[in-house]
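Engineer: Following this message is one structure expressed as structure tokens.
What follows is calculated from the coordinates using simple rules that are stated; it is not laboratory data. All of these numbers come straight from a predicted model, not from anything done at the bench. Methodologically, a virtual Cβ is constructed for each residue, glycine included, from the backbone with ideal geometry; neighbour enumeration extends over all protein chains shown.
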């Protein structure tokens, strides 16, 4: 007897590749209509505290034969939300204004300057090290 899965028309659906029991990693919705988001940005995405899986893809590209990707299995609704946020990010000016405090931190792989108030909120009364710009 064939499984009710519609992903395979030429053979019986096996449990290991069946789409009927996929769970969206974001909203936990169960169903067959999921997509895999693939991300590779040469950064440890696990810092984001998101349940990424890691996939190695063997392909000849840029002089490399294998590439590491972070993946998420999500439903169409969550994928649409993700795409909307990428669109918002793309259309938003990054705003490179400096608060002039000389207080720098590393955040998500980028060095940013923060305000005194932000430092106090994050540091629990530790005095910051300040860097001054050479004139």
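Engineer: Sort segment 15-91 into rounded, prolate or oblate with this rule: let a ≥ b ≥ c be the square roots of the eigenvalues of the Cα gyration tensor; rounded if a/c is under 1.5, and if a/c is not under 1.5, prolate when a/b is larger than b/c, oblate otherwise.
Structural biologist: It comes out oblate by the Cα gyration axes.
Engineer: Still on this model: Any chance you could run the full-extension gain for residue 49 through residue 23? It's 0.36 nm times the residue separation minus the Cα-Cα distance, nm to one decimal.
Structural biologist: 7.5 nm
Engineer: Okay, moving on. Counting other beta carbons within 10 Å of each residue's own, what order do 73, 123 fall into, fewest first?
Structural biologist: Ranking 73, 123 by Cβ neighbours within 10 Å, fewest first, gives 123, 73.
Engineer: Return 79, 35, 122, 106 ranked ascending by Cβ neighbour count within 10 Å, so the fewest neighbours appear first.
Structural biologist: The most exposed by this proxy come first: 106, 122, 35, 79.
Engineer: How high is the FRET efficiency from residue 68 to residue 33, r the C-beta distance, R0 30 Å, rounded to 0.05?
Structural biologist: It comes out at approximately 0.65.
Engineer: Which whole-number percent is the relative contact order of segment 15-91 (Cα, under 8 Å, 6+ apart)?
Structural biologist: After rounding, I find 32 percent.
Engineer: May I pose another question? Please work out how much length the chain gains when fully extended from residue 127 to residue 106, using 0.36 nm per residue of separation minus the C-alpha to C-alpha distance, in nm with one decimal.
Structural biologist: Net length gain for the segment: 5.9 nm.
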